[in-house]
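Report on the following structure.
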Amino acid sequence: MAEAKNDIIVSLRDIFVEFEGEVILNHINLDIRDKEFLTILGPSGCGKTTTLRIIGGFLEPKEGTVNFEGKKINGLPPYKRNVNTVFQKYSLFPHLNVFENIAFGMRIKKLPKNEIKKRVKEMLSIVDLKGYEKRSVSKLSGGQQQRVAIARALVCDPKVLLLDEPLGALDLKLRKNMQWELKQIQQKTDTAFVYVTHDQEEALTMSDTVVVMNNGVIEQIGTPADVYNEPVNAFVADFIGEANIINGTMIDDCRVRILGEELECVDKGFGQNTPVDIVIRPEDIEVVKPEEAKLKGEVTEVVFKGVHYEMTVMCKGCEWIIHSTKCEPVGTTIGMKVIPFNIQIMNKMFLAEKNTFYADVISSDKENNTITVKVEDCEFEIENRYFEEGTRLEISLPPSALSIAGDGVGHIDDVYIESVIFKGEHNEIILESDEQKWLMQSYVDEQVATYVPLKFDFTKAEFKIAEGKNET
Amino acid sequence: MKLKRPSIPYIIWMVVFTMIPLLLILFSAFTDRNGTFSLEAFSKAFGYFDVFLRSLWIAFISTLICLILAYPIAYIMSRQKRNVQNALTMIIMIPMWMNFLLRIYAWLTLLQNGGPVDTMLSFLGIHTTLLGNQGAVILGMVYEYLPFMVLPLYSVMAKIDNGLIEAAEDLGSNKIKVMRKVVFPLSIPGIVSGITMVFVPSASTFLVAQYLGGVDDIMIGDVIDRIFWSDQNTGSAIALILMVAILIFLIILNFFGDEEAIAQ
């Protein structure tokens, strides 16, 4: 992994993809090295499959270059690229048997019959399907079809094998087996694998490199240990593994305040008194006597998980999850101790204490003390406020004043939910409208990557007349 | 074997409207006017052998042209977005909402001397008679039966997963090879049912040739139509021969159709 730079096979530079006005990939850069197992991990709709299709040649990026072994291959059709794909639904040819399916690529290349026979045989033994040559593909189980699909792609001897959630359709046990087998196949064939999945466990188990994607951008690239132990932001921490994510303040280098307690950590360079996100993995919290730790809490729930107990602890209004092999009964007060190394400090994904936006007063009613304002092409009424018509207002709202309109009637329609992260006591939700991002606090779980109507509670709002920007 | 009760109405229907008429035709083909057994009708039917062959020939050519035209149409249709697909299906279906005879009359008007097509051609300096020949008959048949070729082809092709086409491209096939190695073999069931749906009715069709063709272009369907009232026995004999010929054709075709068993 730490080899010289010249072993890069595929490199994506500044790739931008837009579909019907929606940004799918937002200027991403990615390098794929020879012989590595690279996993693109992200929730559905994050652009991971799109990235794969760009490498495969099934989709042309709107901007950016795709390089293959140093040469630009934009516009090159799939059949001219030295990459092969294992499709999500396997896409085996139903009119051909196992042998012919695997031989398909070589028949196209018109290889001699003996060689085709030899290579198919070799491949079948690699994927552990010896003697299945004459079977109809429809008579194979999911796992077997999967292996035929892998053999069919690998037999073409590609430089890079692209796999699009290939284990998604298999049951858990088979999936575990196939994970191990895939890794074996990858090592046997010395081919670079680019593996797309939304399953973080799969990604951590198999990969040399994990690429975490969200909303069309790459959040982090690193080894499985890197992404797990040192996530760059709350999204990555939340997506990979279980985590306690809480708000904190970086007082100074190596000093952080969590829930009013000052703790020691190892991170530097965040400045002074900076609001940050903090991740502490459930297994990194040591349960000690209350007097031995700064953070204390009461056990509210205990679940036996086989290897460990999962305890939920309430500490100053915040919910903590602890994994421990020792069980503390519900109701006991415990101390939570974390060594400085295990406190991971991250920059906030969206730094804002308040949501500030501009609104134009388009009509006002002095008698009823109401105004009608226009924000991002949406018009609505605000009660108990009066400003003259034509005024441009600067309105500030705390995150708690925002909500998602359950009845479907909001002040701003079709706001995109970019991320939902549980912060111990409430969900912190980042929303995106046409013109800006919003920070919302909510006690309800919301579905990411959906469009919702956003509602404001103007009783908590601060109004200011925007200076010098009177728009007509 | 136990019969299921709900099938009874269909059995009655089949007996009354298919089996009994068939037996009547069989009976009248093998008898003479007086109802005694005779092969006279068949020897008379043999006199129409040339018409018979010509009908099969015209049907064959029309089917072939339909297939050549319909195949790309169906393929292009099947690769469109869902709503475009529906719109195109609708457009293909619309002519079928109109009466069969009216459509033939429409062609008659279009192609007649001094009609729009003729006038246009004469502007270009081409003077020819468009009606009253085999070409016009084939044109009429192709027009009549094209939807019956497009629709079965389309319905089979629409089921071909785009993933299969992408997989073929991924494995090194260009567009032509994708067609030859994936789309064509998977569309064979559609081709078989399309041919059946066009060839069978066009071999036995009548009126098209009477209106669009010349005196010598009449088809076997027209012959049956014409002589049935005067000589029921010969008419029945010809109908029977035609049926057997089509049956043999269908059996042969089904051998190809069996490849769909592999395609499953």
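The values are calculated or read from the model by the stated rules, or taken from the named source; none is laboratory data. A quick note: this is a predicted structure, and the numbers were derived from the prediction, not measured. Cβ placement follows ideal geometry from the backbone for every residue including glycine, while neighbour counts extend to all protein chains displayed.
Is at least one residue of segment A:34-50 of a type in the set (Val, Ile, Thr), within 23 Å of A:Val227 (Cβ to Cβ) and assigned to a helix (DSSP H, G or I)?
Here is the first cut: in segment A:34-50, the residues of a type in the set (Val, Ile, Thr) are A:39-40, A:49-50.
If we keep only those that are within 23 Å of A:Val227 (Cβ to Cβ) as well, we get A:39-40, A:49-50.
The next check asks that each one be assigned to a helix (DSSP H, G or I); those that pass are A:49-50.
Among the residues of segment A:34-50, at least one is of a type in the set (Val, Ile, Thr), within 23 Å of A:Val227 (Cβ to Cβ) and assigned to a helix (DSSP H, G or I), which makes the answer yes.
When you scan segment A:149-167, do you find a residue that is in contact with an Asp or Glu (Cβ under 8 Å, 6 or more places away or on another chain), away from chain B (no Cβ under 14 Å) and either part of a loop (DSSP other than H, G, I, E, B) or touching a residue at least 40 places away in the same chain (Cβ under 8 Å) (or both), even just one?
Within segment A:149-167, one or more residues are in contact with an Asp or Glu (Cβ under 8 Å, 6 or more places away or on another chain), away from chain B (no Cβ under 14 Å) and either part of a loop (DSSP other than H, G, I, E, B) or touching a residue at least 40 places away in the same chain (Cβ under 8 Å) (or both).
Taking A:Leu163 as the residue in question, decide whether it is in contact with a Phe, Trp or Tyr (Cβ under 9 Å, 6 or more places away or on another chain) and assigned by TED's automatic domain parsing to the domain that holds A:Leu52. Steps first, answer last, please.
Working: in contact with a Phe, Trp or Tyr (Cβ under 9 Å, 6 or more places away or on another chain): yes; assigned by TED's automatic domain parsing to the domain that holds A:Leu52: yes.
For A:Leu163, the condition - in contact with a Phe, Trp or Tyr (Cβ under 9 Å, 6 or more places away or on another chain) and assigned by TED's automatic domain parsing to the domain that holds A:Leu52 - is met.
Whether any residue in segment B:132-149 is among the small types (Gly, Ala, Ser), assigned to a helix (DSSP H, G or I) and more than 22 Å from B:Asp217 (Cβ to Cβ) is what I want to check. Explain how you work it out, then say what you get.
Step one: filter segment B:132-149 for residues among the small types (Gly, Ala, Ser), giving B:132, B:135-136, B:140.
Now drop any that are not assigned to a helix (DSSP H, G or I), which leaves B:135-136, B:140.
Going one step further and asking which of them are more than 22 Å from B:Asp217 (Cβ to Cβ), we end up with none.
So far as segment B:132-149 goes, no, none of its residues is among the small types (Gly, Ala, Ser), assigned to a helix (DSSP H, G or I) and more than 22 Å from B:Asp217 (Cβ to Cβ).
May I ask you to verify whether B:Val137 is more than 23 Å from A:Ala149 (Cα to Cα) and either more than 14 Å from chain A (Cβ to nearest Cβ) or over 30 Å from the mean Cα position of the chain (by Cα) (or both)?
Numbers: more than 23 Å from A:Ala149 (Cα to Cα): yes; either more than 14 Å from chain A (Cβ to nearest Cβ) or over 30 Å from the mean Cα position of the chain (by Cα) (or both): yes.
Yes; evaluated as a whole, the condition is true for this residue.
To keep it simple, each residue is scored yes or no on (1) in a strand (DSSP E or B); (2) among the basic types (Lys, Arg).
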| residue | (1), (2) |
| --- | --- |
| A:Asp407 | no, no |
| A:Gly410 | no, no |
| A:Ser419 | yes, no |
| A:Glu425 | no, no |
| A:Trp438 | yes, no |
| A:Lys455 | yes, yes |
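Are any residues in segment A:38-82 touching a Phe, Trp or Tyr at 6+ places or on another chain (Cβ under 9 Å), surrounded by fewer than 21 Cβ atoms within 10 Å (Cβ to Cβ) and more than 14 Å from chain B (Cβ to nearest Cβ), and if so, which ones?
A:Pro43, A:Lys62, A:Glu63, A:Gly64
Can you confirm whether segment A:289-312 contains a residue that is hydrophobic (A, V, I, L, M, F, W, C), touching a Gly at 6+ places or on another chain (Cβ under 9 Å) and modelled with pLDDT of 90 or more?
From segment A:289-312, those hydrophobic (A, V, I, L, M, F, W, C) are A:293, A:295, A:299, A:302-304, A:307, A:311; that's our starting set.
Imposing the further condition that a residue be touching a Gly at 6+ places or on another chain (Cβ under 9 Å) reduces the set to A:293, A:295, A:299.
Subsequent filtering for residues that are modelled with pLDDT of 90 or more retains A:299.
The answer is yes, given that some residue of segment A:289-312 is hydrophobic (A, V, I, L, M, F, W, C), touching a Gly at 6+ places or on another chain (Cβ under 9 Å) and modelled with pLDDT of 90 or more.
Among (1) polar (S, T, N, Q); (2) in a loop (DSSP other than H, G, I, E, B); (3) at the interface with another protein chain (Cβ under 9 Å from one of its Cβ atoms); (4) farther than 20 Å from B:Pro185 by Cα, which single condition is A:Ser91 missing?
(4)
Please enumerate the residues belonging to segment B:195-217 that are more than 8 Å from the chain's Cα centre (by Cα), assigned to a helix (DSSP H, G or I) and not charged (D, E, K, R). Explain how you work it out, then say what you get.
Start the filter on segment B:195-217 by keeping residues that are more than 8 Å from the chain's Cα centre (by Cα), which leaves B:204-217.
Pick out the ones that are also assigned to a helix (DSSP H, G or I) and you get B:208-212, B:215-217.
Hits for segment B:195-217 are B:Val208, B:Ala209, B:Gln210, B:Tyr211, B:Leu212, B:Val215.
Test A:Lys464 against the criterion of being part of a strand (DSSP E or B), buried (at least 17 other Cβ atoms within 10 Å of the Cβ), of a type in the set (Lys, Arg) and in contact (Cβ under 8 Å) with a residue 12 or more places away in the chain, and give yes or no. Before you say what the answer is, go through the steps one by one.
Values: part of a strand (DSSP E or B): yes; buried (at least 17 other Cβ atoms within 10 Å of the Cβ): no; of a type in the set (Lys, Arg): yes; in contact (Cβ under 8 Å) with a residue 12 or more places away in the chain: yes.
Judged against the criteria, A:Lys464 is not a match.
Look at A:Val361 and say whether it is β-branched (Val, Ile, Thr) and closer than 30 Å to A:Lys455 by Cβ. Walk me through it before giving the result.
Numbers: β-branched (Val, Ile, Thr): yes; closer than 30 Å to A:Lys455 by Cβ: yes.
Here the answer is yes, as A:Val361 does meet what is asked.
Which one of these is over 20 Å from B:Gly214 (Cβ atoms) and either modelled with pLDDT under 90 or surrounded by 16 or more Cβ atoms within 10 Å (Cβ to Cβ) (or both): B:Ile126, B:Ile195, B:Ile176?
Working: B:Ile126 fails: over 20 Å from B:Gly214 (Cβ atoms); B:Ile176 fails: either modelled with pLDDT under 90 or surrounded by 16 or more Cβ atoms within 10 Å (Cβ to Cβ) (or both).
That would be B:Ile195, the only listed residue that is over 20 Å from B:Gly214 (Cβ atoms) and either modelled with pLDDT under 90 or surrounded by 16 or more Cβ atoms within 10 Å (Cβ to Cβ) (or both).
Please indicate, with yes or no, whether at least one residue in segment A:313-330 is of a type in the set (Val, Ile, Thr) and in contact with a helix residue (DSSP H, G or I) (Cβ under 7 Å, 6 or more places away or on another chain).
Quick first cut of segment A:313-330, residues of a type in the set (Val, Ile, Thr) only: A:313, A:321-322, A:325, A:330.
Within this subset, residues satisfying the condition of being in contact with a helix residue (DSSP H, G or I) (Cβ under 7 Å, 6 or more places away or on another chain) are A:321-322.
Checking segment A:313-330: at least one residue is of a type in the set (Val, Ile, Thr) and in contact with a helix residue (DSSP H, G or I) (Cβ under 7 Å, 6 or more places away or on another chain).
Can you confirm whether segment A:110-122 contains a residue that is farther than 23 Å from B:Asp161 by Cβ, of a type in the set (Asp, Glu), assigned by TED's automatic domain parsing to the domain that holds A:Asn26 and outside any loop (DSSP other than H, G, I, E, B)? Explain how you work it out, then say what you get.
Filtering segment A:110-122 for residues farther than 23 Å from B:Asp161 by Cβ gives A:110-122.
Narrowing the set further to residues that are of a type in the set (Asp, Glu) leaves A:115, A:122.
Now narrow it down to the ones that are assigned by TED's automatic domain parsing to the domain that holds A:Asn26: A:115, A:122.
Filter once more, keeping what is outside any loop (DSSP other than H, G, I, E, B): A:115, A:122.
Yes, segment A:110-122 contains at least one residue that is farther than 23 Å from B:Asp161 by Cβ, of a type in the set (Asp, Glu), assigned by TED's automatic domain parsing to the domain that holds A:Asn26 and outside any loop (DSSP other than H, G, I, E, B).
For segment A:106-129, state whether one or more residues are hydroxyl-bearing (Ser, Thr, Tyr) and within 30 Å of A:Asp7 (Cβ to Cβ).
yes
Among the residues of segment A:339-388, count how many are within 25 Å of the chain's Cα centre (by Cα) and among the aromatic types (Phe, Trp, Tyr).
Number of matching residues: 2.
Rundown of residues vs (1) out of contact with any helix residue (DSSP H, G or I) (no Cβ under 9 Å at 6 or more places or on another chain); (2) in contact (Cβ under 8 Å) with a residue 24 or more places away in the chain; (3) of a type in the set (S, T, N, Q), yes/no style:
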site: B:Gly35; (1), (2), (3): no, no, no
site: B:Ile76; (1), (2), (3): no, no, no
site: B:Thr89; (1), (2), (3): no, yes, yes
site: B:Trp97; (1), (2), (3): yes, no, no
site: B:Leu102; (1), (2), (3): yes, no, no
site: B:Thr119; (1), (2), (3): yes, no, yes
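Does B:Tyr71 count as exposed (fewer than 11 other Cβ atoms within 10 Å of the Cβ) and part of a helix (DSSP H, G or I)? I'd like the intermediate steps shown before the answer.
Values: exposed (fewer than 11 other Cβ atoms within 10 Å of the Cβ): no; part of a helix (DSSP H, G or I): yes.
No.
Restricting the first residue to segment B:216-227 and requiring it to be over 19 Å from B:Ser62 (Cα atoms), which pairs with a second residue that is of a type in the set (Phe, Trp, Tyr) meet a Cβ separation below 8 Å and a spacing of at least six or different chains?
B:Val223/B:Tyr48; B:Ile224/B:Phe206; B:Asp225/B:Phe206
Among the residues of segment A:413-445, which ones are surrounded by 15 or more Cβ atoms within 10 Å (Cβ to Cβ) and among the charged types (D, E, K, R)?
Matches in segment A:413-445: A:Asp413, A:Glu418, A:Lys423, A:Glu425, A:Glu428, A:Glu432, A:Lys437.
Do the conditions hold for A:Val276, that is, is it in a strand (DSSP E or B), farther than 28 Å from A:Glu432 by Cβ and in contact with a Phe, Trp or Tyr (Cβ under 8 Å, 6 or more places away or on another chain)? Steps first, answer last, please.
Values: in a strand (DSSP E or B): yes; farther than 28 Å from A:Glu432 by Cβ: no; in contact with a Phe, Trp or Tyr (Cβ under 8 Å, 6 or more places away or on another chain): yes.
It is false that A:Val276 is in a strand (DSSP E or B), farther than 28 Å from A:Glu432 by Cβ and in contact with a Phe, Trp or Tyr (Cβ under 8 Å, 6 or more places away or on another chain).
Name, by its number, the condition in (1) within 14 Å of chain A (Cβ to nearest Cβ); (2) polar (S, T, N, Q); (3) under 30 Å from B:Tyr105 (Cα atoms) that does not hold for B:Ser173.
Of (1) within 14 Å of chain A (Cβ to nearest Cβ); (2) polar (S, T, N, Q); (3) under 30 Å from B:Tyr105 (Cα atoms), only one is false for B:Ser173: (3).
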